[in-house]
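Engineer: If you scroll down you'll find the structure; I have some questions about it.
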Number of protein chains: 2
Amino acid sequence: MDDIKIGLVGLGTVGSSVLKMITENQDKVQNITGRRLNVKTIVVRNIAKHQDQVPENVKLTTELADIVNDPEIKIVVEVMGGLHPAKEVITQLLNAKKHVVTANKDLIASAGEELAALARANHCDLMYEASVAGGIPILRTIVTSFAADHITEVKGIVNGTTNYILTQMQRRNWTYDQALMKAQELGFAESDPTNDVEGIDAAYKMVILSQFSYGTHIKLANMKVEGISAIQQRDVLQADAFGYTIKLLGISRRINGGVFAEVGPVLVPKDHPLATINNENNAVMVTGEAVGETLFYGPGAGGLPTANSVLSDIVSVTKNIVLGTTGNSFNNYQSDIGRVDPNDIVYAYYLSLQMLDAPGQMLKLTQIMTQIGASFSRIVQTKNDDQTARVVIITHKMSKAQLADFKQQLAAVDTISLLGSYKVL
Amino acid sequence: MDDIKIGLVGLGTVGSSVLKMITENQDKVQNITGRRLNVKTIVVRNIAKHQDQVPENVKLTTELADIVNDPEIKIVVEVMGGLHPAKEVITQLLNAKKHVVTANKDLIASAGEELAALARANHCDLMYEASVAGGIPILRTIVTSFAADHITEVKGIVNGTTNYILTQMQRRNWTYDQALMKAQELGFAESDPTNDVEGIDAAYKMVILSQFSYGTHIKLANMKVEGISAIQQRDVLQADAFGYTIKLLGISRRINGGVFAEVGPVLVPKDHPLATINNENNAVMVTGEAVGETLFYGPGAGGLPTANSVLSDIVSVTKNIVLGTTGNSFNNYQSDIGRVDPNDIVYAYYLSLQMLDAPGQMLKLTQIMTQIGASFSRIVQTKNDDQTARVVIITHKMSKAQLADFKQQLAAVDTISLLGSYKVL
């Protein structure tokens, strides 16, 4: 039987682990697919830097053309990351009839449909299991195991950096800055952590998860995305005292024929499965009309876990090559789903407020809540060192429309300011 | 495009839910596969009983021949359960070139290889996702997402009945009998609960999980299988005081090129993900060399969750029919793996003992432990109402060989008896 020759574009943490897994696990893959996998060519920026890292029979090059023009190479793994030139690289590869496997969530979230169409036009496979939640095989599971069910909600902890920071804030009573610095020391956070801590990375993943769950594309621009950098140590403590853990959750729900998707801090009850997901781990909870609640938990990042997802894609493509069935989309569920009326999106909220420590302030607050038709479930007031007081509220369920009303009315009161508003599960 | 006509054998809880899902979710399946699914014929024992339950265009019959001899029917779902005549039914169906989907764990665990070979010989698909852990898509996940990884351990809560009973014993401080009776009332346990409570059902599932994880067939006869009927209320309390929850776990580990598999009560630390799986829910934890620890959680039984797994198989078969790729095994990983030396199977143990309340007994116990080279980590002694005392021990790690030695030596001491020995995670 022929070997399957593979090209890699990029040889960082994930690329090196992919090379290692292909080299070391050839026998099992051959046992399952009948084919041996071999990495033939790797495109890197600096050949000298990687020379010692690759087996002798693997060619290192700086030229993508060495892969594009090599008819022997059937499958190419793109693990360079970023939007450009990754998009141009994948485009060139697909046009050269190469099957492509990528871990590039930014690219798939923003140009996935365009690239999937290009793959179909070239009768090529384009797979990207590793783009969401690292080692958790969530995309393929949604495609295969929820094919006949209607997913009503997909939510989860899909960013390891922020989960590590929040776990440390809670366990060690650290400030956000302390926890971020530690995460950077340990390599869980980048030197510019913006993409992670502001929820953008999680939002990309929710775009892809929503696409798979509902067959519809949500624009990042239409999603409310909030990160964790504004969470105060005392919010973590107060949530804990109320019986909750603060987690950065992506939530995507089907409501009345529309899809509502958001990323933001959420108070999760301590006995909820998502509350027990700690440190850099990820978990995705999928609720189906038939199956009910399911949860998939595992490492959200890291070289080998992510490489395992890349390998599962390579094995799928290899099976398709053997069976002659390449060129079908990774996800081919398509559905037209609209947006949701803010009156229909209902949650309880945790509101953290600062107000002048003077008579009449609580009355003002209560008046606004009454006026918008919302009510408190729990309320805690503490005096600050200065002339202000801090008030923390857990509301009864209210709609997004009511919350927007509340914020607007509160903005007109110059003695009370809203520090944070987080959903409560 | 042609419809895909489906036959059902059996119309109990799962069968009715399969019928409902196929009828109600036709549009999504068509969107994904390009084919409409239609149930044409259902084999039941008593037609009159089910007459009102099926749409007019579905034929009810008592004759399997009405499916076997109908060339229009491509896929048949066997949901009658039990070994016989289910085995004969599936054999007949495969020989008539029907693709078969089944939820029958007893049959797959005991005759899965034989039936898989028959399916291959007839170029038919045979799938059975629903046979393990109801709504959790664990088998297909192992096949697709761990294809290039080496699984080192698969363990989990794979029986909902026993997990419900243990949860209630702990939460409500009930005896085993009280909790069993409640489970029977609620329909979580059968009137003869032996298969569930003695661990046999879980053992069947571990046979199938081991097959998928290691490519090797473990004989039920070679597995130590212990149920929960001997667990005492005070074991649950004592475990709780030590910081553990007692769960009935199936554990299957690769150790030094062999596979060790067992079912029995295990003390799980309260902060371990498996400790948080309550009531009738199931969870399977898969550890891979590359990916690390992953966990898959969901409903372990119930009509619709199980039906969803059946439907995922039907959709897979439908895709294979469309692509012309039927006849490949559900799991085609094959590997020769031996048994494990009992000296290499190492756990800490919870030992519950009853001894004569007289001087010198603890000395005897300590002498035996010393002699076999094992040691205590924690020990609690309480006086019983009679002339006896109860001693509960958590040992340091020791091998199965040492445990066997311990049991043998203890058997020779007529003033001390071992009530229970459970692994500690």
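Every number in this text was worked out from the coordinates using simple rules, so none of it is lab data. On a predicted model such as this, the values are computed, not experimentally measured, just so you know. Glycine gets a Cβ as well: all are built from the backbone with ideal geometry, and neighbour counts include every protein chain shown.
Engineer: In a Gaussian network model over chain B where Cα atoms closer than 10 Å are linked, find which of B:LYS319, B:LYS28, B:LYS219 has the largest mean-square fluctuation.
Structural biologist: B:LYS28
Engineer: Run the quick spin-label model on A:ASN343 and B:GLN232: label points 7 Å from Cα toward the beta carbon, then report their separation in nm to one decimal.
Structural biologist: Going from the A:ASN343 label point to the B:GLN232 one covers 6.3 nm.
Engineer: Rounded if a/c is under 1.5, else prolate if a/b is larger than b/c, else oblate: which is region A:77-188, with a ≥ b ≥ c the root eigenvalues of its Cα gyration tensor?
Structural biologist: oblate
Engineer: So for each of A:112-118, B:99-105 I average, over its residues, the number of other beta carbons within 10 Å; can you give me the resulting order with the highest mean first?
Structural biologist: Result, highest mean first: B:99-105, A:112-118.
Engineer: List the distances, in nm to one decimal, from the label point of A:GLN178 to the label points of the same position in every other copy, shortest first, placing each label point 7 Å from Cα along the Cα-to-Cβ direction.
Structural biologist: Distances between equivalent label points, in nm: 4.5.
Engineer: What translational D, rounded to a whole number of µm²/s, comes out for region B:261-333 from Stokes-Einstein when the hydrodynamic radius is the Kirkwood one over Cα pairs, at 25 °C and 0.890 mPa s?
Structural biologist: 158
Engineer: Okay, next question. By what distance, in whole Å, do the Cα atoms of region B:1-72 stretch along each of the three principal axes, largest value first?
Structural biologist: 35, 26, 19
Engineer: Once you charge only the Cβ atoms, +1 for Lys and Arg and -1 for Asp and Glu, what is the size of the charge dipole of region A:345-424 about its Cα centre, to the nearest 20 debye? Intermediate results must be reported in sequence, preceding the final value.
Structural biologist: On the way: 8 positive and 5 negative charges, 76 e Å.
The dipole magnitude comes to about 360 debye.
Engineer: Please get the size of the charge dipole for chain A, origin at its Cα centre, with Cβ charges of +1 on Lys and Arg and -1 on Asp and Glu, quoted in debye to the nearest 20.
Structural biologist: Numbers: 38 positive and 43 negative charges, 105 e Å.
Result for chain A is approximately 500 debye, rounded to the nearest 20.
Engineer: Just check region B:344-424 against the gyration tensor rule for me: Cα atoms, a ≥ b ≥ c as the square roots of the eigenvalues, rounded for a/c under 1.5, and otherwise prolate or oblate depending on whether a/b exceeds b/c.
Structural biologist: prolate
Engineer: List the distances, in nm to one decimal, from the label point of B:ARG339 to the label points of the same position in every other copy, shortest first, placing each label point 7 Å from Cα along the Cα-to-Cβ direction.
Structural biologist: Output for B:ARG339: 6.6 nm, nearest copy listed first.
Engineer: How many Cβ atoms of partner chains, on average, are near each residue of B:19-28 if near means within 10 Å of its Cβ?
Structural biologist: Counting other chains' Cβ atoms within 10 Å and averaging over B:19-28 gives 3.
Engineer: Also, I was wondering about something else. So which of A:LYS5/A:LYS49; B:LYS40/B:LYS105; B:LYS105/B:LYS247; A:LYS364/A:LYS423; A:LYS74/A:LYS105; B:LYS182/B:LYS219 end up more than 28 Å apart by C-alpha?
Structural biologist: Too far apart for the 28 Å limit: B:LYS182/B:LYS219.
Engineer: Sequence gap at least 6, Cα distance under 8 Å: using those rules, report the relative contact order of region A:91-210 to the nearest whole percent.
Structural biologist: On the way: 113 pairs, mean separation 31.5, N = 120.
Once divided by the residue count of region A:91-210, the mean separation gives 26 percent.
Engineer: At what distance in angstrom do the alpha carbon centres of region B:339-400 and region A:163-225 lie from each other?
Structural biologist: So the separation of the two Cα centres works out to 48 Å.
Engineer: Still on this structure, I have one more. Tally Lys and Arg at +1 and Asp and Glu at -1 over the other residues with C-beta under 14 Å from the C-beta of A:ALA117: what net charge comes out?
Structural biologist: -1
Engineer: Helix A:361-371 sits at what angle to the longest principal axis of chain A, using alpha carbons and giving 0 to 90 degrees rounded to 10?
Structural biologist: Long axis of A:361-371 versus the principal axis of chain A: about 70 degrees.
Engineer: From the P(r) of the protein assembly as shown, can you give the percent of Cα pairs sitting at distances over 46 Å?
Structural biologist: Percentage above 46 Å: 30.
Engineer: List the relative contact order of region A:345-424 as a percent without decimals, with contacts defined as Cα pairs under 8 Å and 6+ residues apart. Can you show the working numbers first?
Structural biologist: Values: 141 pairs, mean separation 40.2, N = 80.
It rounds to 50 percent for region A:345-424.
Engineer: Taking Cα atoms, how many degrees apart are the long axis of helix A:176-185 and the longest axis of chain A, rounded to 10 and kept between 0 and 90?
Structural biologist: Around 20 degrees separate the two axes.
Engineer: Of all DSSP beta bridges in the protein assembly as shown, what percent run antiparallel (nearest 5)?
Structural biologist: Looking only at bridges with both residues in the protein assembly as shown, the antiparallel portion is about 70 percent.
Engineer: Follow-up. Between A:SER375, A:SER110, A:SER312, which gets the highest mean-square fluctuation from a Gaussian network model of chain A, Cα cutoff 10 Å?
Structural biologist: Sorting by GNM fluctuation, first place goes to A:SER375.
Engineer: Can you compute 3J(HN,Hα) from phi for each residue in region A:75-85, using the Karplus curve 6.51 cos²θ - 1.76 cosθ + 1.60 with θ = phi - 60°, rounded to whole Hz and x for Gly and Pro?
Structural biologist: Those phi angles translate into 10, 10, 9, 9, 10, 8, x, x, 7, 10, x Hz.
Engineer: Run down the aspartates and glutamates and flag those whose C-alpha is under 17 Å from the C-alpha of A:LYS59, throwing out any fewer than 8 positions away in its chain.
Structural biologist: The reachable aspartates and glutamates, counting only those whose Cα sits under 17 Å from A:LYS59, are A:ASP3, A:ASP70, A:GLU72, A:GLU78.
Engineer: Say the cut-off is 30 Å between C-alpha atoms; which of A:LYS155/A:LYS407; A:LYS98/B:LYS20; A:LYS98/B:LYS319 go over it?
Structural biologist: From the list (A:LYS155/A:LYS407; A:LYS98/B:LYS20; A:LYS98/B:LYS319), the Cα-Cα distance tops 30 Å for A:LYS98/B:LYS20.
Engineer: Could you order peptides A:52-63, A:190-201, A:363-374 by the average number of other Cβ atoms within 10 Å of their residues, highest first? All intermediate terms of the calculation are to be shown ahead of the outcome.
Structural biologist: Working: A:52-63: 12.5, A:190-201: 17.5, A:363-374: 15.2.
Ranked from most to least packed, the peptides come out as A:190-201, A:363-374, A:52-63.
Engineer: Using bins 10 angstrom wide from zero, how does P(r) for region A:279-425 break down, in % of all Cα pairs?
Structural biologist: Bins of 10 Å from zero give 9, 24, 21, 18, 15, 9, 4, 1 percent of pairs.
Engineer: Let me ask something else. At a threshold of 8 angstrom on Cα-Cα distance, excluding pairs fewer than six apart, so keeping six or more, what relative contact order does chain A reach in percent?
Structural biologist: Values: 864 pairs, mean separation 70.4, N = 425.
Here the relative contact order equals 17 percent.
Engineer: Which residue fluctuates the most in chain A, going by a Gaussian network model with Cα springs under 10 Å, if the choices are A:GLN361, A:GLN170, A:GLN402?
Structural biologist: A:GLN361
Engineer: I've got another one for you. Find which of A:TYR297, A:VAL77, A:LEU166 sits farthest along the positive direction of the dipole of chain A, computed with +1 on the beta-carbon of Lys and Arg, -1 on that of Asp and Glu, about the Cα centre.
Structural biologist: Highest projection toward the positive end goes to A:TYR297.
Engineer: Go ahead and estimate [θ] at 222 nm for the protein assembly as shown from helices alone: -39,500 (n - 2.57) per DSSP H run with n ≥ 4, summed, over the residue count, rounded to 500.
Structural biologist: On the way: 30 runs with 318 residues, N = 850.
The per-residue figure over the protein assembly as shown is -11000 deg cm²/dmol.
Engineer: Could you tell me how many degrees, from 0 to 90 and to the nearest 10, lie between the Cα long axis of helix A:303-323 and the main elongation axis, the longest principal axis, of the Cα atoms of chain A?
Structural biologist: It is inclined by approximately 50 degrees.
Engineer: Sorted from largest down, what three extents in whole angstroms do the Cα atoms of region B:177-228 have along their principal axes?
Structural biologist: Computed over region B:177-228, the largest-to-smallest principal extents equal 39, 18, 14 Å.
Engineer: Continuing with this model, one more query. Using only alpha carbon positions, build the gyration tensor of chain A, then give the equivalent ellipsoid semi-axes as the square roots of 5 times its eigenvalues, largest first, whole angstrom.
Structural biologist: Whole-Å semi-axes of the equivalent ellipsoid: 45, 23, 17.
Engineer: Is the shape of region A:138-299 rounded, prolate or oblate, going by the alpha carbon gyration tensor and its root eigenvalues a ≥ b ≥ c, with a/c under 1.5 for rounded and a/b larger than b/c for prolate? Write down the numbers at each step before the final one.
Structural biologist: Working: a/c = 1.96, a/b = 1.66, b/c = 1.18.
Note, shape of region A:138-299 comes out prolate.
Engineer: Also: Across region A:208-220, in residue order, what do the Karplus-derived ³J(HN,Hα) couplings come to in whole Hz, using 6.51 cos²θ - 1.76 cosθ + 1.60 with θ = phi - 60° and x for Gly and Pro?
Structural biologist: Per residue, the Karplus-derived 3J(HN,Hα) values read 5, 4, 5, 4, 6, 6, 10, x, 9, 9, 9, 7, 3 Hz.
Engineer: Tell me the distances, shortest first, between A:HIS84 and the same position across the other copies, using label points 7 Å along Cα→Cβ, in nm to one decimal.
Structural biologist: Counterpart label points of A:HIS84 in the remaining copies fall at 7.3 nm.
Engineer: Once you average over the residues of B:303-312, how many Cβ atoms of partner chains fall within 10 Å of each Cβ?
Structural biologist: Values: counts 1, 6, 7, 2, 4, 11, 5, 1, 7, 9.
Per residue, the number of nearby Cβ atoms from other chains is 5 on average.
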